Every structure is written in structure tokens, then in C-alpha cells.
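Reading through the C-alpha cells given below for one structure.
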Amino acid sequence: MPQKQLKMKKNRLEIDYGFDFRLLGLICSQKAHKLAWELNRALNLDLLRQEDHKVQEKTGQTPNYTYFVHQTDVTIIRLFKNRSSDEGTSKWLLVPEHPRFDYILMIESGEEGTDAEIINGIKNIPTIELSAFLPLASLKRKENFMF
């Protein structure tokens, strides 16, 4: 009599992170420290350089991205360079869906009107050629921004 094989039901763990931040893409030819200085002046921020943000790629490489952070009790603003700062890995982009943006501004704020203040302040920085909010739903690698 043939034996019956039992099939085990497979469970898949799916984690749905809550992404409560907004991303603003910036086109600007300035060096990162100069842009951070200009944003500090225009928006009354205190963006400070941090240790490079490392992102693990599927290929096993870990490109580094220059970034600055400003933090208060209710707001965190991070400025990232979109292109990797490592020599030889400049092909890596933090937001590959938007390769034209030189910088990404990440805004986490519980205050009303923060986005409008930032947009109005950025309009006064002549070296920023273009700024636009990036729809998070269109990004494949939102996890790059998990801290």
C-alpha cells in the first residue's frame, strides 16, 4: 500500500514597514557640504555631516552615501547624496528610479507646514535648479531609508 506524503503548508513572513517620511529630490551641482550650508542658512537648520550611510546591495557590495542630519524633538531632516561616494561604485544610486536627482532630502516631521516651509526656503537657493517630492509608492527600495 503506497504511503501518503504529507504536504507542509509554507508560511511567508511579510513585513510592511510604515514609511512616515517624505522624500524631496534636488538637482544641484554644488558639493554636498556647500549645499548643506546653503540649506542651513535658507531654512534655519543645523545639518551636520554624519558617518556615511551604508546600503547593502543584492550583489553583496556596500556602497556609501554622504549624508547630513538635522534633528529636533519633532523633526528629522536628512540630506543624502544620491550617487555613491565610493570610487568605482559611482553607478550605485540611493534612489535608482530617479537618477537625475543629485540629492535626496528626507523629511520626518510631526509638525504641520514643514513641507511648505522647506519648499519656500529652497526656492530662495539659486544653486538648486529643481526640487520635487518623490512618490514613495513608486520606489522599489524604500528600505534604503530605514535607520
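Taken as a whole, the structure leaves residue 44 outside the set of residues that are more than 11 Å from the chain's Cα centre (by Cα) and crowded, with 16+ Cβ neighbours inside 10 Å. Just for region 12-35: of the residues that are more than 15 Å from the chain's Cα centre (by Cα) and of a type in the set (A, V, I, L, M, F, W, C), which one is modelled with the lowest pLDDT? Per the stated criteria, the residue is 15.
The residues of region 19-48 that are assigned to a strand (DSSP E or B) and of a type in the set (Lys, Arg) amount to a single one, 22. Screening residue 84 against (1) at pLDDT below 95; (2) farther than 18 Å from residue 61 by Cβ leaves a single unmet condition, (2).
Do we find that residue 49 is surrounded by fewer than 17 Cβ atoms within 10 Å (Cβ to Cβ) and in contact (Cβ under 8 Å) with a residue 60 or more places away in the chain in this structure?
no
Quick check: anything in region 31-53 under 18 Å from residue 134 (Cα atoms), of a type in the set (D, E, K, R) and out of contact with any helix residue (DSSP H, G or I) (no Cβ under 7 Å at 6 or more places or on another chain)? No, every residue in region 31-53 fails to be under 18 Å from residue 134 (Cα atoms), of a type in the set (D, E, K, R) and out of contact with any helix residue (DSSP H, G or I) (no Cβ under 7 Å at 6 or more places or on another chain).
Rundown of residues vs (1) in contact (Cβ under 8 Å) with a residue 24 or more places away in the chain; (2) farther than 25 Å from residue 124 by Cα; (3) in contact with an Asp or Glu (Cβ under 6 Å, 6 or more places away or on another chain); (4) of a type in the set (Ser, Thr, Tyr), yes/no style:
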| residue | (1), (2), (3), (4) |
| --- | --- |
| 42 | yes, no, no, no |
| 54 | no, yes, no, no |
| 57 | yes, yes, no, no |
| 72 | no, no, no, yes |
| 76 | yes, no, yes, no |
| 85 | yes, yes, no, yes |
| 92 | yes, yes, no, no |
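Annotation note: of 40, 64, the sole residue that is closer than 24 Å to residue 98 by Cα, at pLDDT 85 or above and of a type in the set (S, T, N, Q) is 64.
The values are calculated or read from the model by the stated rules, or taken from the named source; none is laboratory data. Note that the coordinates shown come from a computational prediction; the quantities given were computed from them, not determined experimentally. Note that we place each Cβ from the backbone using ideal geometry, even for glycine, and neighbour counts take in every protein chain shown.
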